[in-house]
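Each value in this text was obtained by applying a stated rule to the coordinates, not by laboratory testing. These numbers come from a predicted model, not from an experiment. Heads up, the Cβs are rebuilt from the backbone with ideal geometry, glycines too, and the neighbour counts pull from every protein chain shown.
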């Protein structure tokens, strides 16, 4: 059983390590997203290239891998005699893969899209509440990092209300704390009033 859990965790991590920001930039013949803007291989930074299709592909890919990993764990876990804890482990592993990808020398994205995919896989309502929270803040202030931070802070409470205090809720809390930590430079920019807004082109 332990071997199966370790294999599941490794496969989820490797899946999470696939960077759709880099892939979409290659497909659309754009500069490597790590070379401009924030240097973050994520959908928001790819959007700064001005190619919305590339940003959408990045968003869907990064969210999709989180959703897929959790969905596979939920489907095959019971067949292999594994409990709910394997789903929580896989959820964290795919998220960590995105944030610390082995294919990019452990320098990955901030995990927002992948976290949303994971949340949608764990529970549709928790995922939708996270998306609505992000969207509301984005519409009002047009700052992607602020939207992510507010959603990241509230999601553990959404999970607690809907899922109760279980292992998946703990996984959501850990994921949220890591997401907030990954935004530490954005927090500094927000305090200084220097954070960029959604849609700004900053290839330099």
Task: Fluctuation leader among 90, 150, 27 - the chain, Gaussian network, Cα springs under 10 angstrom - done: 27
Task: Point-to-point label distance, residue 102-residue 160, nm (Cα→Cβ direction, 7 Å offset) - done: 3.5
Open item on the list: I'd like the distance between the alpha-carbon centres of the stretch 43-89 and the stretch 1-35, rounded to an integer number of Å.
Closed with: 10
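Kindly provide the helix-only [θ] at 222 nm of the chain, computed as the sum of -39,500 (n - 2.57) over DSSP H runs of four or more divided by all residues, to the nearest 500 deg cm²/dmol?
Details: 10 runs with 145 residues, N = 204.
So the calculated ellipticity at 222 nm is -23000 deg cm²/dmol.
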Task: Crossing angle, helix 144-163 versus the chain [Cα axis fit, 0-90 degrees, rounded to tens] - done: 20
Open item on the list: What would the Debye equation give as log₁₀ I(q)/I(0) for the stretch 142-189 at q = 0.13 Å⁻¹, counting only Cα atoms as equal point scatterers?
Closed with: -0.31
Task: the stretch 2-192: relative contact order as a whole-number percent, Cα under 8 Å and 6+ apart - done: 21
Task: Fluctuation leader among 64, 39, 16 - the chain, Gaussian network, Cα springs under 10 angstrom - done: 39
- [ ] Just rank 173, 119, fewest to most, by other beta-carbon atoms within 10 angstrom.
- [x] 173, 119
- [ ] Taking only the C-alpha atoms, wrap a convex hull around the stretch 96-149 and report its volume per residue in Å³ as a whole number.
- [x] 70
Task: Between 0 and 90°, nearest 10: helix 85-99 axis offset from the chain longest Cα axis - done: 20
Task: Distance histogram for the stretch 2-192 (every C-alpha pair counted, 5 angstrom bins, percent rounded to whole numbers) - done: 1, 9, 17, 21, 21, 16, 9, 4, 2, 0, 0
Open item on the list: Run the simple label-point estimate for residue 84 and residue 197 please: 7 Å along Cα→C-beta, distance reported in nm.
Closed with: 4.3
- [ ] Working from Cα positions, state the angle (0 to 90°, nearest 10) between the long axis of helix 2-16 and the longest principal axis of the chain.
- [x] 20
